[in-house]
Amino acid sequence: MTDLIIHLFLVLLMPPLLLGVISRTKALFAGRSGAPLLQPYYDLARLFRKGMVLSDTTTWLFRSGPVVTLATVLVASLLIPLGNHAAPLSFDGDMILFAYLFALGRFATILAALDTGSSFEGMGAAREATYSCLAEPTLFFALIVLARLSGSLSLSGMLTQPLGAVWADSGASLLLLVGALFIILLAENCRIPFDDPNTHLELTMIHEVMVLDQSGPLLGCVLYGAALKLFVLSAFFIRIVLPFRTGDTLADWGLFVVSLLLLAIAIGTVESVMARFRLTRIPQLLIGAGILSSFATLLILR
Amino acid sequence: MNLPKEVRTIHNGGTIFLDDLPLLPEELFCQILLDAIDHGWRVLSYFGLPEGDEVTLFGLLGYKEDGLIAVIRSRVRESFPSLASLCPQLQLFEREIWEQCGIVPEGHPWLKPLRFSPLITGERQLPGVMEQYRVEGGEVHEVAVGPVHAGIIEPGHFRFQCHGEEVFHLEISLGYQHRGIEAGLAGGVHRRTIFQMETAAGDSTIGHTQAHCMVMEALTGRRVPARGEALRGIALELERLANHTGDLGALAGDVGYLPTASFCGRIRGEFLNMTALLCGSRFGRGMVRPGGTGFDCSDRQREELLRRIEVTRRELTVAVELLWSSPSVMARLEKSGAITLKDAEELGLVGPAMRGCGGARDTRKDFPFGIYRMKQIPTVTAAGGDVHGRVLVRWLETERSLDFIQELLGQLPGGGCRSGSLGASPPAPGMLAVALTEGWRGRICHVALTDTVGEFKKYKITDPSFFNWSGLALALRGEQISDFPLCNKSFNLSYCGFDL
């Protein structure tokens, strides 16, 4: 029961903090003091108090986009185990639901973008659809590897097993997987080097350009959904990288939170020390991630 | 090349009596223009002056090898032959003459308004309302950007013809900033003129004001004391430093490379503050005045400037070195938005955009003026013609400018900084005066024609952006549309300098 409450508490409240940590890290690298760590919370509070401006050319599809996206990510957050604590919802094959909940959310965002009829948002939608197709195989290879190593078909089964022993046994495979998943983590969450969440240049954006017409509470849903997605995928990633357990429940929760914050700092560091890729380079890197993860699969099949 | 004997040549900052200038027959005028451009002369300015129902066309050409400016004129009615298809750098000038004088360039490939100023007939035009180039086809899509942009920048409309992510063609439509500066100068010099010159293109205050002051000094026979020339040179280089530093930072920001972006953003402010230390204005307003400078530099200011330059040079070097040592940054800059040297020459590109293609053209060296007649500044070029080339040129010029300022401050000539009073004396009648300066964007050309009582009949300003916007459009051909902001920033052109 305590675990469930802590799970829900973290899922609902922690995601914006990750964004705050990333932007603070970037600010420190740039020699600035940066925005307060809690700035994303203030931003969300501000957006949810605001009114909305809706374009005349849009229909219910446009308004449903952010809502559906946020709903799908919220459901996905119930399927993912945090640290070594089982998820509130868990059944055999929930990993397929997990993967396609994100796809459904993306589909809703793309429809909402196309609904505006704007050429910018159309371009963004095309880019998002292309790159997510290329990112999907990696996620599935990762799930296949974990399913095979754990013998379980649910996310909780895969990730709460003693992964320390698995690292000792199939370390090479997991290492490849970690590399591939980090690329996917950055790409799926629109971070540099794939996308620049801070740019104002609409011609270069991927994700941000699709939500240019959103405003007020709907934009708040988009931002919160994006933060939650980063949280969920980070939790998935961090569990594979740092599969430690202390035995004490509260200490394990603390360990999870700290490792998540460390990951946010790592993402901020990557964003600070490199520039964005040219858009034509992105597919190459995503396919590279796919190849890495397929090798990971081959290694455990031998 | 030996020019026909009808052509009069002068040097930068020189004058010529209008009566000495022969009226060439139309064919000879066109022939001289084409021949000269074929032989490496470049069009500096080309404009018309309506007189009754006739229009006098003036062509100014520059030859960098011996620093000569050739002036030719001809008189036409209703129409004149268009040379745009033979010589692309004349294209915009011909549209401008059509718009301003109401005479038609016969055979212009695509005659369209340039600044949408009210026509000779008095009819109002709305900016951007014209037929745009279109690529037809089911797979082609059109992306329209602006005139209102997502940043705090000036208005301009960009129309991309795209095939997926690839740009087939970019058309740039300006004119939203047209203020009628040239028209307002007729009958001058007014008291407001010098202030209008300072804001012709606000970020090139020193460049434009110096060109204007050189015109005024030529027309009134005023000499500038050595100290005044040195201070003008320092101000001009500080302006270049501030803008180049800002551009280096903004380019880093556009590729998402934060450290350089943040540092350069701050260091740009340091250079602006150095200008403020000289004259009290961060943009150099009030610094350059006919006869010299509006402000002198005390020994205390000189020491302070030298100290600040030293510190800032160290910080800037660290910030910019980060760019060259980041492979991900280099991967973005190299091979983006490339222009060949041949195309650049044909379009008549100027400034860092030209030097980034490998073309060694720099007004400070080719047509020396002011302090650059006594003290040379090396011309830097970079190969490639891509964004990287333009970035590299900016950095190398920054280093040269820092050296130049340090040397000048170390040996600042004595004496006064200005000859005569601050006010402008009346210009000589019946003259044509030309002044070229090298602003941070490139060559700035001011031409003044005075009437029989010494008032301006015509004052023509040619900003470097006038040439370079075409270069940006060309650089985008076959590029990814997502690279447009980067290419655009690497040119960083002025909207108001074009629109005037």
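The values are calculated or read from the model by the stated rules, or taken from the named source; none is laboratory data. Values in this document were obtained by computation on a predicted structure and should not be read as measured data. Note that each Cβ is placed from the backbone with ideal geometry, even for glycine, and that neighbours are counted across all protein chains shown.
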Out of all the residues in the range B:357-384, which are of a type outside the set (A, V, I, L, M), part of a loop (DSSP other than H, G, I, E, B) and in contact (Cβ under 8 Å) with a residue 60 or more places away in the chain? B:361, B:362, B:367, B:368, B:369, B:375
When you go through (1) surrounded by fewer than 20 Cβ atoms within 10 Å (Cβ to Cβ); (2) within 14 Å of chain B (Cβ to nearest Cβ) one by one for residue A:91, which number turns out not to apply? (2)
With the checklist (1) within 14 Å of another protein chain (Cβ to nearest Cβ); (2) crowded, with 24+ Cβ neighbours inside 10 Å; (3) out of contact with any Gly (no Cβ under 7 Å at 6 or more places or on another chain) in hand, flag the one item residue A:192 doesn't pass. (3)
For residue B:308, state whether it is away from every other protein chain (no Cβ under 14 Å) and either surrounded by 15 or more Cβ atoms within 10 Å (Cβ to Cβ) or on the phi > 0 side of the Ramachandran plot (or both). yes
Among (1) in the same structural domain as residue B:247 (by TED's automatic domain parsing); (2) of a type outside the set (Ser, Thr, Tyr); (3) surrounded by 18 or more Cβ atoms within 10 Å (Cβ to Cβ), which single condition is residue B:468 missing? (1)
Any idea which residue in the range A:42-88 is surrounded by the most Cβ atoms within 10 Å (Cβ to Cβ), counting only those that are touching a Cys at 6+ places or on another chain (Cβ under 8 Å) and not aliphatic (A, V, I, L, M)? A:69
Looking at (1) aliphatic (A, V, I, L, M); (2) within 14 Å of chain B (Cβ to nearest Cβ); (3) closer than 24 Å to residue A:44 by Cβ, find the lone condition where residue A:264 falls short. (2)
Right, residue B:482: surrounded by fewer than 24 Cβ atoms within 10 Å (Cβ to Cβ), among the polar types (S, T, N, Q), outside the structural domain of residue B:288 (by TED's automatic domain parsing) and at pLDDT below 90 or not? yes
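Does the range A:211-218 contain at least one residue that is within 14 Å of another protein chain (Cβ to nearest Cβ), buried (at least 20 other Cβ atoms within 10 Å of the Cβ), touching a residue at least 12 places away in the same chain (Cβ under 8 Å) and charged (D, E, K, R)?
Here is the first cut: in the range A:211-218, the ones within 14 Å of another protein chain (Cβ to nearest Cβ) are A:211-213.
Subset that is buried (at least 20 other Cβ atoms within 10 Å of the Cβ): A:211, A:213.
When the remaining residues are screened for being touching a residue at least 12 places away in the same chain (Cβ under 8 Å), the result is A:211, A:213.
Now drop any that are not charged (D, E, K, R), which leaves A:213.
Checked against the condition, which is being within 14 Å of another protein chain (Cβ to nearest Cβ), buried (at least 20 other Cβ atoms within 10 Å of the Cβ), touching a residue at least 12 places away in the same chain (Cβ under 8 Å) and charged (D, E, K, R), the range A:211-218 yields at least one hit.
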In the set A:45, A:27, which member is assigned to a helix (DSSP H, G or I), farther than 27 Å from residue A:103 by Cα and away from chain B (no Cβ under 14 Å)? A:45
Quick one: what pairs do we get from the range B:59-86, first residue under 19 Å from residue B:22 (Cβ atoms), second modelled with pLDDT of 90 or more and among the polar types (S, T, N, Q), C-beta under 6 Å, 6+ apart or different chains? B:60/B:45; B:73/B:56; B:75/B:56
Restricting the search to the range B:4-42, which residues are touching a strand residue (DSSP E or B) at 6+ places or on another chain (Cβ under 6 Å) and of a type in the set (A, V, I, L, M)? B:7, B:10, B:16, B:18, B:21, B:23, B:24, B:32, B:33, B:36
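Considering each of A:37, A:18, A:12 in turn, give the residue that is touching a residue at least 60 places away in the same chain (Cβ under 8 Å) and either away from chain B (no Cβ under 14 Å) or closer than 30 Å to residue A:246 by Cβ (or both). Spell out how you get there, then give the answer.
Working: A:37 fails: touching a residue at least 60 places away in the same chain (Cβ under 8 Å); A:12 fails: touching a residue at least 60 places away in the same chain (Cβ under 8 Å).
It is A:18.
Going residue by residue through the range B:117-126, is there one that turns out to be out of contact with any strand residue (DSSP E or B) (no Cβ under 7 Å at 6 or more places or on another chain) and within 14 Å of chain A (Cβ to nearest Cβ)?
Just the residues of the range B:117-126 that are out of contact with any strand residue (DSSP E or B) (no Cβ under 7 Å at 6 or more places or on another chain), to begin with: B:117-126.
Still in the running and within 14 Å of chain A (Cβ to nearest Cβ): none.
Among the residues of the range B:117-126, not one is out of contact with any strand residue (DSSP E or B) (no Cβ under 7 Å at 6 or more places or on another chain) and within 14 Å of chain A (Cβ to nearest Cβ), which makes the answer no.
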How do the helices (runs of 4 or more DSSP H) wholly within the range B:189-298 filter down when requiring 1 or more residues that are buried (at least 20 other Cβ atoms within 10 Å of the Cβ), among the basic types (Lys, Arg) and free of Cβ contacts under 8 Å to residues at least 40 places away in the same chain: which remain? B:258-279
Residue B:461 within 14 Å of chain A (Cβ to nearest Cβ), of a type in the set (A, V, I, L, M) and either touching a Cys at 6+ places or on another chain (Cβ under 9 Å) or within 17 Å of residue B:94 (Cα to Cα) (or both): no
Do you know which of the residues in the range B:140-169 that are free of Cβ contacts under 8 Å to residues at least 60 places away in the same chain and in contact with a Cys (Cβ under 9 Å, 6 or more places away or on another chain) is surrounded by the most Cβ atoms within 10 Å (Cβ to Cβ)? B:141
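Per-residue answers, yes or no, for (1) modelled with pLDDT of 90 or more; (2) more than 30 Å from residue B:264 (Cβ to Cβ); (3) among the hydroxyl-bearing types (Ser, Thr, Tyr):
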| site | (1), (2), (3) |
| --- | --- |
| A:32 | no, no, no |
| A:35 | yes, no, no |
| A:50 | yes, yes, no |
| A:59 | yes, yes, yes |
| A:65 | yes, yes, no |
| A:68 | yes, yes, no |
| A:81 | yes, yes, no |
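So if I check each of B:497, B:471, which one is assigned to a helix (DSSP H, G or I), more than 14 Å from chain A (Cβ to nearest Cβ) and either of a type in the set (A, V, I, L, M) or closer than 24 Å to residue B:187 by Cβ (or both)? Please lay out each step first, then the result.
Values: B:471 fails: either of a type in the set (A, V, I, L, M) or closer than 24 Å to residue B:187 by Cβ (or both).
Matching residue, one of B:497, B:471: B:497.
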For residue A:142, state whether it is closer than 30 Å to residue A:110 by Cβ, in contact (Cβ under 8 Å) with a residue 60 or more places away in the chain and either surrounded by fewer than 17 Cβ atoms within 10 Å (Cβ to Cβ) or not charged (D, E, K, R) (or both). yes
Tell me whether the range B:321-344 contains one or more residues that are farther than 27 Å from residue B:479 by Cα, aliphatic (A, V, I, L, M) and within 14 Å of another protein chain (Cβ to nearest Cβ). no
Can you go through B:24, B:33 and tell me which one is more than 26 Å from the chain's Cα centre (by Cα) and surrounded by 17 or more Cβ atoms within 10 Å (Cβ to Cβ)? B:24
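Among the residues of the range A:120-130, are any away from chain B (no Cβ under 14 Å), within 30 Å of residue A:218 (Cβ to Cβ), surrounded by fewer than 19 Cβ atoms within 10 Å (Cβ to Cβ) and of a type outside the set (S, T, N, Q)?
no
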Of the criteria (1) of a type outside the set (A, V, I, L, M); (2) assigned to a helix (DSSP H, G or I); (3) in contact (Cβ under 8 Å) with a residue 24 or more places away in the chain, which one residue B:454 fails: (2)
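Quick check on my filter: what residues within the range B:140-167 are part of a strand (DSSP E or B) and more than 9 Å from chain A (Cβ to nearest Cβ)?
Step one: of the range B:140-167, the residues part of a strand (DSSP E or B) are B:140-145, B:157-163, B:166-167.
Passing the criteria: B:140, B:157, B:158, B:159, B:161, B:163, B:166, B:167.
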Of (1) crowded, with 24+ Cβ neighbours inside 10 Å; (2) touching a Lys or Arg at 6+ places or on another chain (Cβ under 9 Å), residue B:172 fails just (1)
